[in-house]
Amino acid sequence: MIGIIGGTGPQGRGLAYRLARAGVDVLIGSRDPERGMAAAEEVRRLVGDDVSVQGAGNADLPGRADMLLVTVPYEGLASTLRPLAEQVGDMIVMSAVNKLSFAGGPQALPVEAGSSAEEVARLLPAARVTTAFNNVSATHLRNAEHVFDEDVLVCGDDDDAVKRTVEVASRVDGLRGVSCGPLRLAFTIEAMTAVVISVNATHGVTAGLRITGL
Ligand SMILES: NC(=O)c1ccc[n+]([C@@H]2O[C@H](COP(=O)([O-])OP(=O)(O)OC[C@H]3O[C@@H](n4cnc5c(N)ncnc54)[C@H](OP(=O)(O)O)[C@@H]3O)[C@@H](O)[C@H]2O)c1
């Protein structure tokens, strides 16, 4: 089961929807368990009652999920993750977080830790942190008609965590997880999201990233 921390926003709901459609059990987390449960009900309505999608408070996720996925805004990372550090322990924690600004067009903002994913690793010191779904649009995730044809760039310092994140990403129809290397590449991956958003706005398309030659 994948626990999505801050899973009630567009990105968390979109990923919950796509993962549930792929048969993955999902637990949608929120600061308010009621909101998590309402989001889970929405996803079940879209996918069907035979899927396992539940809602809970963020603090319940480490005890119930096998892997975690973080989809809170960068500004919410410290208050959300610091209190969970002990419970999370050495779990695999996938980060979809990008610190972007949209003033004057999309651009990546600097992060003191190096990247949002490295900030997640700083706040959860024993966790095995990877990047996942950073460049995948919430609008596309939530649009049932959208057919994906793109890669999910996965970096991390723990080989098993990277492998398992690649497997999770590849479960979603049309997405392919690609292992890229160590966590220090996370900022480059996160920053590419600004480029993808800009390409889509410039050309009026629903493009995604694809690594060729693999
Ligand atoms: N939107 C996209 O297309 C997209 C694409 C790729 C990556 N991402 C990344 O995915 C993450 C989520 O994006 P989103 O658009 O879904 O974000 P969002 O709607 O702004 O936030 C997601 C959820 O996080 C919780 N949250 C909001 N502010 C918080 C705070 N200050 N402290 C703690 N929790 C807070 C809220 O859940 P509760 O109120 O229920 O707790 C909210 O529903 C971001 O880091 C973003 O960079 C987004």
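Some observations on this one:
- Taken over the Cα atoms of the stretch 120-171, the convex hull encloses 88 Å³ per residue.
- Loop-located trypsin sites (Lys or Arg not before Pro) in the stretch 139-214 (DSSP state not H, G, I, E or B) with no more than 14 neighbouring Cβ atoms inside 10 Å: ARG210.
- Pair GLU34, ASP173: separation of 7 Å Cα→Cβ label points (nm): 3.5 nm
- One Cα centroid belongs to the stretch 44-83, the other to the stretch 106-143; the line between them spans 15 Å.
- Note on MET1/ARG184: beta-carbon distance plugged into 1/(1 + (r/R0)^6) with R0 of 30 Å gives a FRET efficiency of 0.50.
- Screening the chain for whole DSSP H helices of 20 Å or more along their axis (Cα) with average Kyte-Doolittle hydropathy at least -1.0 returns 33-47, 186-203.
- When the helices of the chain are scored as -39500 (n - 2.57) per DSSP H run of n ≥ 4 and the total is divided over every residue, the value at 222 nm lands at -11000 deg cm²/dmol.
- Spin-label pair ASP66-THR212: with each label point 7 Å from Cα along the Cα-Cβ axis, the two points sit 3.6 nm from one another.
- Distances between placed amide hydrogens fall under 5 Å for THR130 paired with VAL93, MET94, SER95, all partners being 5 or more residues away or on another chain.
- Sparse-neighbourhood loop sites, GluC sites (Glu not before Pro) in the stretch 114-181 - DSSP loop, at most 11 other Cβ within 10 angstrom: GLU145
- Choice from PHE102, PHE148, PHE133 with maximal GNM fluctuation in the chain (Cα, 10 Å cutoff): PHE102
- Fully extended contour minus Cα-Cα distance, from GLU41 to ASP160, at 0.36 nm per residue: 39.6 nm
- The chain: antiparallel DSSP beta bridges as a percent of all, rounded to 5: 10 percent
- Cα-based shape type of the chain, given that a ≥ b ≥ c are square roots of the gyration tensor eigenvalues and the cut on a/c is 1.5: rounded
- Within the listed set GLY36, GLY23, GLY14, the Gaussian network model of the chain (springs between alpha-carbon atoms below 10 Å) gives the highest mean-square fluctuation for GLY23.
- Modelled this way, with points 7 Å down the Cα-to-C-beta line, the labels at ASP25 and ALA201 are 4.1 nm from one another.
- A cut-off of 5 Å between modelled amide H atoms, ignoring neighbours fewer than 5 places along the same chain, links GLN54 with VAL26, LEU27, ILE28.
- Here the Karplus curve 6.51 cos²θ - 1.76 cosθ + 1.60, taken at θ = phi - 60°, turns the phi angles of the stretch 149-158 into couplings of 8, 8, 9, 10, 7, 10, 10, x, 9, 10 Hz, with x standing for Gly and Pro.
Coordinate-derived values only; no laboratory data. Just so it is clear, the model here is predicted, and its values are computed rather than measured. Note that we place each Cβ from the backbone using ideal geometry, even for glycine, and neighbour counts take in every protein chain shown.
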